[in-house]
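Have a look at the structure below before the remarks.
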Amino acid sequence: MAKGTVTFDIETCKGCELCIEACPQESLQLSPKINAQGYHYAVLIKDNCTGCINCALVCPDAVITVYRERKKKDRVPVARITNVKENITVTVSE
């Protein structure tokens, strides 16, 4: 099974919960803390992420970066979504 992880831009996250619903491993939840905008933000709560990128694909504000470990155990980004205001660009690494 692939091993992955995610990071969030917590100050931009609006807590819409779309990523939480999209995660097949149930690895995400809203933090009990709030960000500077006053929103509970998404956080990784389990170490079972596979790096499937479902969460990043559904995030309307592109606050999620997905990483997948390679055999050497180095963390590399596999998807980053940018330019969500006009055009969506998805970059997927092999």
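Per-residue packing, averaged as other Cβ atoms within 10 Å, sorts the ranges 33-44, 50-61 into the order 50-61, 33-44, beginning with the highest.
Positive contributions from Lys and Arg (+1) and negative ones from Asp and Glu (-1), summed over other residues with Cβ under 15 Å from the Cβ of Y41, come out at -2. Basic side chains Lys and Arg get +1 at the Cβ, acidic Asp and Glu get -1 at the Cβ, and with that the dipole of the chain about its Cα centre reaches some 440 debye. Which value in deg cm²/dmol, rounded to the nearest 500, describes the helix-derived mean residue ellipticity at 222 nm for the chain, given -39,500 (n - 2.57) per DSSP H run of n ≥ 4 and division by the residue count? Taking each H run of at least 4 residues, the total per residue is -2000 deg cm²/dmol.
Dividing the mean sequence gap of close Cα pairs (under 8 Å, 6+ apart) by how many residues the stretch 4-92 holds gives a relative contact order of 28 percent. Out of P60, C13, N48, whose Cα points farthest toward the positive end of the dipole of the chain (charges: +1 Lys, Arg; -1 Asp, Glu; placed on Cβ)? The residue sitting most towards the positive pole is N48. If the chain linking E11 and T91 were pulled fully straight, counting 0.36 nm for each residue of separation and taking away their Cα-Cα distance, it would gain 26.5 nm.
Computed from the coordinates by the stated procedures, all read-outs in this text should not be read as laboratory data. This one's a predicted model, so the numbers in the text were calculated from it and none came from an experiment. All Cβ positions, glycine included, derive from the backbone under ideal geometry; neighbour counts span all protein chains shown.
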